[in-house]
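See structure below.
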Amino acid sequence: MMRIFLFLATNAAILVVVSIIFNVLGLSGTLDAQGVDLNLNALLVMSAIIGMTGSVISLAMSKWSAKNAMGVHVIERPQNQTEQWLLNIVAKQAKQAGIGMPEVGIFQTPESNAFATGMSRDSALVAVSTGLLQNMDADEVEAVVGHEISHVANGDMVTMALMQGVVNTFVYFFATIIGHVIDRVVFKTERGYGPAYYITQMVAQIVLGILASMLVMWFSRYREFKADAGGANLAGREKMIGALRALQRGHEAEDLPGQLAAFGINGGGVSKLFMSHPPLEERIAALQNSR
């Protein structure tokens, strides 16, 4: 709850600072002089509501969404030795990390992958793929579980969701300003909104959203190094390095849907700026240099 409070407080503080800057610079007066009747303070508040609401709802529904999207079988009563061993490893590492026992699940895919999600440190879900259990040995799976437990212990799901909410706030805010300026100044719309406003705002949201995603993905890559270090602390550095090398030897991991991509063990993208995970060789090097 403290993490959520701090992020909401940060967002509110940013809104206040931006509002003050706009007033000091006289941006509101400049827009009024150009015929752009836009209340920037009200727009900031509305943008914050729109930007944060979606992220908070998404976070609240994250476990339910993950279970349905990935077809996760939650282990309630272990049916075999593998399921019992997996439960024991998660319980052991959760205790080491000082978090509540997460739900543990398995999803069907031949690729090696795993993810963690949930709204809090004490109410999370850790799931691994059947491919991971088949393609990695026990030490490597243990390290992967440690990586995911570290995501939970670090509060990464909450942090990423709220960071995305802050980014969404300002994407909507600036896209709306751009749409208003184009509609009023260029197309001279005097009342209501013309087609130019809706088209321009939509295009601006797409462009600004792409640019903003680079910031979110940068933070995601930073968070991956922290989770690798956490996995090394929980399972052992050599086991974590071994797990990453096993991912290198295997096929490229199947993409996880939506926000789950940021919480998997493996990932990639067409460009480093948009990758949710650093290259595996960089992650291995970081662990090797952490002696």
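The values are calculated or read from the model by the stated rules, or taken from the named source; none is laboratory data. As the structure is a prediction and not an experimental result, all values here were calculated from the model. Cβ sites come from the backbone with ideal geometry, for glycine too, and all protein chains shown count toward neighbours. Accessible surface areas use protein heavy atoms only, side chains included; no ligands, DNA or RNA. Shrake-Rupley method; radii C 1.70, N 1.55, O 1.52, S 1.80 Å.
For the reader, a short list of remarks on this structure follows.
- Inside the range 115-156, residues that are among the hydrophobic types (A, V, I, L, M, F, W, C), out of contact with any Lys or Arg (no Cβ under 8 Å at 6 or more places or on another chain) and open to solvent by 10 Å² or more (accessible area, probe 1.4 Å) make up a count of 3.
- Test: residue in the range 201-224 that is in contact with a Lys or Arg (Cβ under 8 Å, 6 or more places away or on another chain) and either within 26 Å of MET101 (Cβ to Cβ) or in a loop (DSSP other than H, G, I, E, B) (or both): yes
- In the range 167-196, the qualifying residues are those that are touching a Gly at 6+ places or on another chain (Cβ under 6 Å) and more than 21 Å from LEU211 (Cβ to Cβ), and the one that is most open to solvent (accessible area, probe 1.4 Å) is PHE187.
- When every residue of the range 170-185 is checked against the conditions, at least one turns out to be over 31 Å from the mean Cα position of the chain (by Cα) and modelled with pLDDT of 90 or more.
- Each residue in the range 37-57 was checked for being among the hydroxyl-bearing types (Ser, Thr, Tyr) and surrounded by 17 or more Cβ atoms within 10 Å (Cβ to Cβ), and 2 pass.
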